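The values are calculated or read from the model by the stated rules, or taken from the named source; none is laboratory data. All values derive from a computational prediction rather than experimental measurement. Cβ placement follows ideal geometry from the backbone for every residue including glycine, while neighbour counts extend to all protein chains displayed. With ligands, DNA and RNA removed, areas are computed over all heavy atoms of the protein, side chains included. Shrake-Rupley method; radii C 1.70, N 1.55, O 1.52, S 1.80 Å.
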Amino acid sequence: MAKRKTIADILAMKKEGVKITMLTAYDAAMASMLAASDVDMLLVGDSLGMVVLGYDSTVPVTMDEMIHHAGAVRRGAPGAFVVGDMPFGTYNSGKRDAIINGSRFLKEAGCDAIKLEGGLEVCETVTAMVQAGISVMGHIGLTPQTATQLGGYKVQGRDVEAAKKLVEDARALEKAGAFALVLECIPDELGRIISEETGIPTIGIGAGVHCDGQVLVTHDLLGMFEKFIPGFVKTYCKLAPTIKEAVADYNNDVRNSAFPGEAHSFSSESDLRSLLGL
Ligand code: KIV
């Protein structure tokens with residue numbers, strides 16, 4: 001198994017021009033497969049709420065739900081660099097709450113770092129968390145927890161003012177002590193500029209090819225979440241139809257007594273009925 005990456009390794013990858021891969025994970029089985037496939041970082045994203053827990057947005061996700069799933073990811077991938085995503089309302093209420101909740105990811109779930117959404121407005125919180133020993137990944141552009149305030153799930157930073165604000169947010173987060181930045185749903189040229197203007201790695205999702213790395217929701221990449229597929233997603237395989245087909249075959253086999261067959265059954269004395277006196 002590859003050695004668990006450190007923040008120094010991740011920063012060095014940007015310097016050396018080596019692209020960084022990150023994928024979401026929510027359970028031990030998937031985390032183990034992703035780690036075996038040599039992904040650089042696993043993100044226990046609050047997308048958990050939508051792709052696994054069946055909520056309509058990420059807003060209802062609780063700290064306890066995140067810790068439960070982050071712990072499973074850690075157990076499934078002991079050698080992976082794991083980032084826990086701070087849910088809505090667990091850091092926006094002040095530095096003290098942010099430190100208490102962020103520490104839970106490290107102490108109870110064994111995460112290496114946390115991620116939180118926001119720009120300039122969260123910088124003081126980021127600095128306080130870093131000073132408290134919690135490594136922080138920022139997240140700007142389309143921030144799903146506050147998508148309603150941004151006019152919905154749409155591309156951010158399209159006009160000059162909005163683009164300028166995002167460059168400032170990125171610089172401020174770096175200065176505040178963030179070790180990396182997720183850039184979500186922004187024009188690719190803005191993704192390039194922010195990546196060039198910051199010394200910390202940018203991890204893009206719908207932010208173009210010039211970012212220092214990329215992240216996707218694993219259920220999207222594997223074609224397991226059919227409810228909504230954002231335009232920036234590349235679906236590498238279609239597991240949902242494969243799963244449905246397999247389950248339909250199973251149903252058929254059971255209903256036609258074709259399963260279990262001999263290969264899936266245990267034999268006993270051929271005269272068991274009489275041996276039991278029945
Ligand atoms: O929650 C999540 O999965 C995320 C990624 C999309 C970056 O924040």
Item to check | Hits in the stretch 14-42 (condition: closer than 21 Å to LYS234 by Cα and of a type in the set (D, E, K, R)) | outcome: LYS19, ASP38, ASP40
Next on the checklist: If a residue must be among the aromatic types (Phe, Trp, Tyr) and either open to solvent by 70 Å² or more (accessible area, probe 1.4 Å) or outside any loop (DSSP other than H, G, I, E, B) (or both), how many such residues does the stretch 205-258 contain?
Outcome noted: 3
Checklist entry - Does the stretch 203-252 hold any residues that are touching a residue at least 60 places away in the same chain (Cβ under 8 Å) and of a type in the set (S, T, N, Q), and which are they? => result GLN214, THR218
Item to check | Test: residue in the stretch 185-198 that is open to solvent by less than 50 Å² (accessible area, probe 1.4 Å), among the polar types (S, T, N, Q) and not in a helix (DSSP H, G or I) | outcome: yes
Item to check | Count of residues meeting criterion [touching a Ser or Thr at 6+ places or on another chain (Cβ under 8 Å) and either within 11 Å of ALA70 (Cβ to Cβ) or hydrophobic (A, V, I, L, M, F, W, C) (or both)] in the stretch 27-45 | outcome: 8
Next on the checklist: Any residue in the stretch 145-158 that is open to solvent by 40 Å² or more (accessible area, probe 1.4 Å) sitting within a Cβ distance under 6 Å of a residue that is at pLDDT 95 or above and not polar (S, T, N, Q)? List the pairs, counting only those 6 or more apart or interchain.
Outcome noted: VAL155/CYS185
Checklist outcome for this item: Checking SER37, SER57, SER93 in turn, the sole residue that is within 23 Å of ILE205 (Cα to Cα), surrounded by fewer than 21 Cβ atoms within 10 Å (Cβ to Cβ) and modelled with pLDDT under 95 turns out to be SER57
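Suppose we keep only residues that are in contact with a helix residue (DSSP H, G or I) (Cβ under 7 Å, 6 or more places away or on another chain) and either part of a helix (DSSP H, G or I) or within 19 Å of ILE134 (Cβ to Cβ) (or both) within the stretch 75-85. Which one would you say is farthest from the ligand (Cβ to nearest atom)?
Kept after step one, since they are in contact with a helix residue (DSSP H, G or I) (Cβ under 7 Å, 6 or more places away or on another chain), are these residues of the stretch 75-85: 75-77, 79-80, 82, 84-85.
If we keep only those that are either part of a helix (DSSP H, G or I) or within 19 Å of ILE134 (Cβ to Cβ) (or both) too, we end up with 75-76, 80, 82, 84-85.
On the way: ARG75: 20, GLY76: 17, ALA80: 16, VAL82: 13, GLY84: 10, ASP85: 5 Å.
Per the criteria, the residue is ARG75.
Residue-by-condition table, conditions (1) outside the structural domain of CYS211 (by TED's automatic domain parsing); (2) assigned to a helix (DSSP H, G or I); (3) of a type outside the set (Val, Ile, Thr):
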{"position": "MET22", "(1), (2), (3)": "no, no, yes"}
{"position": "MET30", "(1), (2), (3)": "no, yes, yes"}
{"position": "LEU34", "(1), (2), (3)": "no, yes, yes"}
{"position": "MET50", "(1), (2), (3)": "no, yes, yes"}
{"position": "LEU53", "(1), (2), (3)": "no, no, yes"}
{"position": "VAL73", "(1), (2), (3)": "no, yes, no"}
{"position": "PRO87", "(1), (2), (3)": "no, no, yes"}
Checklist entry - Is one or more of the residues making up the stretch 207-223 within 14 Å of the ligand (Cβ to nearest atom), under 25 Å from ASP97 (Cβ atoms) and touching a strand residue (DSSP E or B) at 6+ places or on another chain (Cβ under 9 Å)? => result no
